[in-house]
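Asker: Handing you this structure, nothing more for now.
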Amino acid sequence: PDSTLVWGIEREEKWLAWAPSSLHQPLTIVHLASQKSYQCPVLLGEPGRLQQIIPINSRYGLAIVGVDQGKFTQFYLFNRRGNILLRTRLPMRLTQVTQARQDPWHFLALTPDQPQAVLLMRLNLWQIQRIILNFSPYWATATPWGYGIADHTTLACISVGGELLGGITLDTPLTAMTATDTGVWFASWDGHQGRLERVEFMEMGLDLIL
(Lines give C-alpha, C1' and ligand atoms only; values in the text may rest on other atoms or scores of the structure.)
Protein backbone atom coordinates (compact mmCIF):
# COMPACT_ATOMS: atom_id res chain seq x y z
CA PRO A 1 0.00 0.00 0.00
CA ASP A 2 1.00 3.62 -0.51
CA SER A 3 2.62 4.46 2.81
CA THR A 4 5.33 6.41 4.58
CA LEU A 5 7.00 5.64 7.89
CA VAL A 6 5.66 7.60 10.88
CA TRP A 7 7.74 7.57 14.05
CA GLY A 8 8.36 9.35 17.33
CA ILE A 9 11.10 9.17 19.96
CA GLU A 10 10.63 9.88 23.67
CA ARG A 11 12.33 13.08 24.87
CA GLU A 12 14.84 11.27 27.08
CA GLU A 13 15.42 8.70 24.32
CA LYS A 14 14.14 5.80 26.44
CA TRP A 15 11.88 4.40 23.72
CA LEU A 16 10.63 5.03 20.22
CA ALA A 17 7.55 3.98 18.28
CA TRP A 18 6.99 3.57 14.56
CA ALA A 19 4.40 2.32 12.07
CA PRO A 20 3.58 2.75 8.38
CA SER A 21 1.03 5.47 7.74
CA SER A 22 -1.21 2.92 5.99
CA LEU A 23 -1.29 0.81 9.20
CA HIS A 24 -0.79 -2.38 7.20
CA GLN A 25 1.77 -3.32 9.86
CA PRO A 26 1.28 -2.94 13.63
CA LEU A 27 2.69 -0.03 15.60
CA THR A 28 6.00 -1.17 17.08
CA ILE A 29 7.52 0.17 20.31
CA VAL A 30 11.25 -0.32 20.96
CA HIS A 31 12.87 0.19 24.38
CA LEU A 32 16.26 1.58 23.42
CA ALA A 33 18.27 0.46 26.45
CA SER A 34 17.16 -3.18 26.42
CA GLN A 35 16.25 -3.36 22.70
CA LYS A 36 13.01 -5.08 23.71
CA SER A 37 10.13 -4.44 21.31
CA TYR A 38 6.36 -4.59 21.69
CA GLN A 39 3.60 -4.38 19.14
CA CYS A 40 0.23 -2.67 19.31
CA PRO A 41 -2.09 -4.93 17.25
CA VAL A 42 -5.20 -2.78 17.89
CA LEU A 43 -4.08 -0.29 15.23
CA LEU A 44 -3.33 -2.96 12.63
CA GLY A 45 -5.66 -2.58 9.68
CA GLU A 46 -7.57 0.37 11.15
CA PRO A 47 -9.54 2.18 8.39
CA GLY A 48 -7.53 5.37 8.44
CA ARG A 49 -4.12 6.90 7.92
CA LEU A 50 -1.58 7.35 10.70
CA GLN A 51 -0.58 11.03 10.83
CA GLN A 52 1.61 11.39 13.91
CA ILE A 53 3.12 9.45 16.81
CA ILE A 54 3.87 11.61 19.85
CA PRO A 55 5.65 10.04 22.84
CA ILE A 56 4.09 11.87 25.80
CA ASN A 57 6.56 10.81 28.51
CA SER A 58 8.55 7.74 29.57
CA ARG A 59 5.37 5.65 29.91
CA TYR A 60 2.77 6.80 27.38
CA GLY A 61 2.44 7.70 23.73
CA LEU A 62 -0.22 9.12 21.42
CA ALA A 63 -1.08 7.88 17.93
CA ILE A 64 -3.14 10.25 15.76
CA VAL A 65 -5.09 8.71 12.88
CA GLY A 66 -7.20 10.43 10.23
CA VAL A 67 -10.33 8.32 9.62
CA ASP A 68 -13.41 8.37 7.37
CA GLN A 69 -11.40 9.81 4.45
CA GLY A 70 -9.82 12.32 6.79
CA LYS A 71 -13.09 13.83 8.02
CA PHE A 72 -12.41 12.80 11.64
CA THR A 73 -9.34 12.38 13.80
CA GLN A 74 -8.92 9.40 16.12
CA PHE A 75 -6.64 9.54 19.17
CA TYR A 76 -5.11 6.39 20.64
CA LEU A 77 -3.32 6.62 23.98
CA PHE A 78 -0.96 3.67 24.43
CA ASN A 79 1.62 2.60 26.97
CA ARG A 80 5.15 1.51 26.18
CA ARG A 81 4.08 -2.16 26.14
CA GLY A 82 1.64 -1.54 23.31
CA ASN A 83 -1.62 -1.57 25.26
CA ILE A 84 -4.33 0.90 24.19
CA LEU A 85 -5.58 2.80 27.26
CA LEU A 86 -7.88 5.35 25.61
CA ARG A 87 -9.53 5.76 22.23
CA THR A 88 -11.44 8.93 21.40
CA ARG A 89 -12.51 10.83 18.29
CA LEU A 90 -12.47 14.49 17.31
CA PRO A 91 -15.03 15.46 14.61
CA MET A 92 -12.59 17.42 12.45
CA ARG A 93 -9.40 17.06 10.47
CA LEU A 94 -6.04 17.96 12.00
CA THR A 95 -2.96 18.85 10.00
CA GLN A 96 -0.44 19.26 12.83
CA VAL A 97 -0.42 18.50 16.55
CA THR A 98 2.37 20.08 18.65
CA GLN A 99 3.23 19.03 22.20
CA ALA A 100 3.93 21.69 24.83
CA ARG A 101 7.35 21.75 26.45
CA GLN A 102 6.29 22.45 30.02
CA ASP A 103 3.25 20.12 30.12
CA PRO A 104 3.59 16.86 28.16
CA TRP A 105 -0.20 16.34 28.22
CA HIS A 106 -0.92 19.69 26.56
CA PHE A 107 -1.10 20.09 22.77
CA LEU A 108 -1.86 22.68 20.11
CA ALA A 109 -3.55 21.53 16.92
CA LEU A 110 -4.13 23.13 13.53
CA THR A 111 -7.25 22.23 11.54
CA PRO A 112 -8.23 23.07 7.95
CA ASP A 113 -11.88 22.85 9.01
CA GLN A 114 -11.41 26.03 11.06
CA PRO A 115 -8.41 27.67 9.38
CA GLN A 116 -8.47 30.87 11.47
CA ALA A 117 -8.36 29.00 14.75
CA VAL A 118 -6.08 26.79 16.83
CA LEU A 119 -7.18 24.10 19.27
CA LEU A 120 -5.56 23.82 22.69
CA MET A 121 -6.01 20.31 24.05
CA ARG A 122 -5.24 18.83 27.47
CA LEU A 123 -5.32 15.11 26.84
CA ASN A 124 -5.36 13.74 30.40
CA LEU A 125 -8.52 15.75 31.17
CA TRP A 126 -9.77 15.85 27.55
CA GLN A 127 -10.27 19.59 27.62
CA ILE A 128 -10.37 21.48 24.32
CA GLN A 129 -10.17 25.26 23.93
CA ARG A 130 -10.60 27.01 20.57
CA ILE A 131 -8.70 30.24 19.97
CA ILE A 132 -9.86 32.45 17.08
CA LEU A 133 -7.15 34.34 15.18
CA ASN A 134 -7.05 37.05 12.54
CA PHE A 135 -4.89 34.89 10.26
CA SER A 136 -4.72 31.23 9.21
CA PRO A 137 -1.63 29.52 10.68
CA TYR A 138 0.25 26.90 8.69
CA TRP A 139 3.04 26.16 11.18
CA ALA A 140 3.34 25.67 14.92
CA THR A 141 6.28 25.16 17.24
CA ALA A 142 6.57 24.71 21.01
CA THR A 143 8.22 27.47 23.06
CA PRO A 144 9.26 27.53 26.75
CA TRP A 145 5.96 29.24 27.69
CA GLY A 146 3.53 28.01 25.03
CA TYR A 147 3.56 27.98 21.25
CA GLY A 148 4.60 29.97 18.22
CA ILE A 149 2.17 29.90 15.29
CA ALA A 150 2.61 31.41 11.84
CA ASP A 151 1.33 31.81 8.32
CA HIS A 152 3.58 33.04 5.50
CA THR A 153 3.88 36.61 6.83
CA THR A 154 2.76 36.63 10.48
CA LEU A 155 4.40 35.03 13.51
CA ALA A 156 2.34 35.09 16.72
CA CYS A 157 2.91 33.70 20.19
CA ILE A 158 0.31 32.08 22.43
CA SER A 159 0.47 30.74 25.99
CA VAL A 160 -0.74 27.27 27.02
CA GLY A 161 -3.66 29.07 28.64
CA GLY A 162 -4.73 30.55 25.30
CA GLU A 163 -3.48 34.12 25.78
CA LEU A 164 -2.19 35.87 22.67
CA LEU A 165 1.11 37.36 23.77
CA GLY A 166 2.10 39.31 20.66
CA GLY A 167 4.04 38.70 17.49
CA ILE A 168 5.74 40.18 14.46
CA THR A 169 5.19 40.67 10.73
CA LEU A 170 7.79 39.06 8.49
CA ASP A 171 9.46 40.83 5.58
CA THR A 172 9.71 37.74 3.36
CA PRO A 173 7.38 34.72 3.10
CA LEU A 174 7.97 32.14 5.81
CA THR A 175 8.61 28.54 4.75
CA ALA A 176 9.58 26.86 8.06
CA MET A 177 10.27 27.68 11.70
CA THR A 178 11.43 26.21 15.00
CA ALA A 179 11.85 27.65 18.50
CA THR A 180 14.69 27.52 21.02
CA ASP A 181 14.68 28.57 24.66
CA THR A 182 15.24 32.23 23.79
CA GLY A 183 13.94 32.81 20.28
CA VAL A 184 12.65 31.55 16.95
CA TRP A 185 14.59 30.46 13.88
CA PHE A 186 12.67 30.85 10.66
CA ALA A 187 13.40 30.17 7.02
CA SER A 188 12.00 32.40 4.27
CA TRP A 189 12.05 32.65 0.50
CA ASP A 190 11.67 35.82 -1.56
CA GLY A 191 11.35 34.02 -4.90
CA HIS A 192 15.06 34.21 -5.65
CA GLN A 193 17.00 33.53 -2.46
CA GLY A 194 16.45 31.68 0.79
CA ARG A 195 17.18 33.21 4.19
CA LEU A 196 17.61 31.74 7.66
CA GLU A 197 17.05 34.25 10.47
CA ARG A 198 16.66 34.30 14.22
CA VAL A 199 14.42 36.57 16.29
CA GLU A 200 14.83 36.76 20.06
CA PHE A 201 11.66 36.65 22.15
CA MET A 202 12.85 39.79 23.94
CA GLU A 203 12.85 41.63 20.60
CA MET A 204 9.24 40.70 19.82
CA GLY A 205 7.64 42.79 22.58
CA LEU A 206 5.79 39.83 24.03
CA ASP A 207 3.59 40.20 27.09
CA LEU A 208 5.57 37.81 29.28
CA ILE A 209 8.45 37.65 31.71
CA LEU A 210 11.49 35.75 30.45
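The values are calculated or read from the model by the stated rules, or taken from the named source; none is laboratory data. None of the values given here were measured: they were computed from a predicted structure. Note that each Cβ is placed from the backbone with ideal geometry, even for glycine, and that neighbours are counted across all protein chains shown. SASA here: full protein model, heavy atoms, side chains in, ligands and nucleic acids out. Shrake-Rupley method; radii C 1.70, N 1.55, O 1.52, S 1.80 Å.
Each row is one residue, and each column tells you yes or no for (1) among the basic types (Lys, Arg); (2) more than 23 Å from ALA19 (Cβ to Cβ); (3) touching a Pro at 6+ places or on another chain (Cβ under 8 Å).
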residue	(1), (2), (3)
ASN79	no, no, no
LEU85	no, no, no
THR88	no, no, no
ILE128	no, yes, no
SER136	no, yes, yes
GLY166	no, yes, no
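Asker: Which of (1) crowded, with 17+ Cβ neighbours inside 10 Å; (2) on the phi > 0 side of the Ramachandran plot is the odd one out, the single condition THR172 does not satisfy?
Answerer: With respect to (1) crowded, with 17+ Cβ neighbours inside 10 Å; (2) on the phi > 0 side of the Ramachandran plot, THR172 is out only on (2).
Asker: OK, next. Any chance you could count how many residues in region 30-70 are hydrophobic (A, V, I, L, M, F, W, C) and either within 15 Å of LEU90 (Cα to Cα) or in contact (Cβ under 8 Å) with a residue 60 or more places away in the chain (or both)? So that I can check it myself, show each step before the final result.
Answerer: Going through region 30-70, the residues hydrophobic (A, V, I, L, M, F, W, C) turn out to be 30, 32-33, 40, 42-44, 50, 53-54, 56, 62-65, 67.
Keeping just the survivors that are either within 15 Å of LEU90 (Cα to Cα) or in contact (Cβ under 8 Å) with a residue 60 or more places away in the chain (or both) gives 50, 56, 62-65, 67.
So the count comes out to 7.
Asker: Filter the strands (runs of 3 or more DSSP E) completely within region 1-99 down to those with at least 3 residues that are of a type in the set (A, V, I, L, M, F, W, C) and open to solvent by less than 30 Å² (accessible area, probe 1.4 Å). Show your work before the answer.
Answerer: Details: elements: 5-9, 15-20, 27-31, 37-40, 48-55, 60-67, 72-79, 84-90, 96-99.
Once the strands (runs of 3 or more DSSP E) in region 1-99 are filtered for at least 3 residues that are of a type in the set (A, V, I, L, M, F, W, C) and open to solvent by less than 30 Å² (accessible area, probe 1.4 Å), what remains is 15-20, 27-31, 48-55, 60-67, 72-79.
Asker: Out of everything in region 103-143 that is in a loop (DSSP other than H, G, I, E, B), within 17 Å of ILE64 (Cα to Cα) and in contact (Cβ under 8 Å) with a residue 40 or more places away in the chain, what residue ends up being least open to solvent (accessible area, probe 1.4 Å)?
Answerer: LEU123
Asker: Restricting attention to region 144-155, which residues are part of a strand (DSSP E or B) and open to solvent by 10 Å² or more (accessible area, probe 1.4 Å)?
Answerer: The initial filter retains those residues of region 144-155 that are part of a strand (DSSP E or B), namely 146-150, 154-155.
The answer is THR154, and nothing else.
Asker: Could you list, in sequence order, the residues of region 187-197 that are part of a strand (DSSP E or B) and modelled with pLDDT under 90?
Answerer: Taking region 187-197 and keeping what is part of a strand (DSSP E or B), we get 187-189, 194-197.
Within region 187-197, SER188, TRP189, GLY194, ARG195, GLU197 qualify.
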